[in-house]
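Colleague: I have a structure I would like to understand better, so I am pasting it below and will then ask my questions one at a time.
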């Protein structure tokens, strides 16, 4: 459900477009209806969440500071970063794209709000997701838990 603020933003964007249909996307992308989450969509959403989080951390901003600078609701930013099932509003993705100076259409695709006509965005998102987690050694507790579980899975 849209908020009155989001409705006002959509109306403003429509007025700026001289009555044209505003989808907050770009040529080559179209808005998609809610569908069951596939592994590709989940990977894209995880990449979207990680991109937003790393952008915020790169700027050395707390979630509150970042939400205020981007002019998006704090609760939506928290959900973007922490809930892979969350779908942000069109307005929020548009504001993030403007603030981070990235393609709105590609960010809409990552957020699960649009579908690209080619697979480049999906492939780039998968590469980003694979590279964005830092490598680290397991703690002693993690190593012990892993070894125990691996032994269990190996037993007949």
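Please treat every number below as a calculation from the coordinates, not as lab data. What you are looking at is a predicted structure, and each value in this text was computed from that prediction instead of being measured. Note that we place each Cβ from the backbone using ideal geometry, even for glycine, and neighbour counts take in every protein chain shown.
Colleague: Per-residue counts of other Cβ atoms within 10 Å, averaged by peptide: what ranking do you get for 39-46, 137-144, 59-66, highest first? Don't skip to the end; give the middle numbers.
Modeller: Details: 39-46: 17.2, 137-144: 9.5, 59-66: 13.5.
With the highest mean Cβ count within 10 Å placed first, the list reads 39-46, 59-66, 137-144.
Colleague: Full extension from residue 65 to residue 12: what is 0.36 nm times the residue separation minus their Cα-Cα distance, to one decimal in nm?
Modeller: Once the chain is fully extended between residue 65 and residue 12, it gains 16.5 nm.
Colleague: Mind sorting 76, 133 by how few other Cβ atoms lie within 10 Å of their own Cβ, fewest first? Before the final figure, lay out each step's value.
Modeller: Values: 76 19, 133 8.
So the ranking, lowest neighbour count to highest, is 133, 76.
Colleague: Sorted by mean Cβ packing within 10 Å, highest first, what order do the peptides 146-152, 82-88 take?
Modeller: Working: 146-152: 9.9, 82-88: 15.0.
Descending packing order for the listed peptides: 82-88, 146-152.
Colleague: In Å and whole numbers, how far do the C-alpha atoms of segment 27-154 stretch along each principal axis, longest first?
Modeller: 52, 34, 22
Colleague: Using Cα pairs under 8 angstrom and six or more residues apart, how large is the relative contact order of segment 67-156, in percent?
Modeller: Values: 42 pairs, mean separation 13.7, N = 90.
It rounds to 15 percent for segment 67-156.
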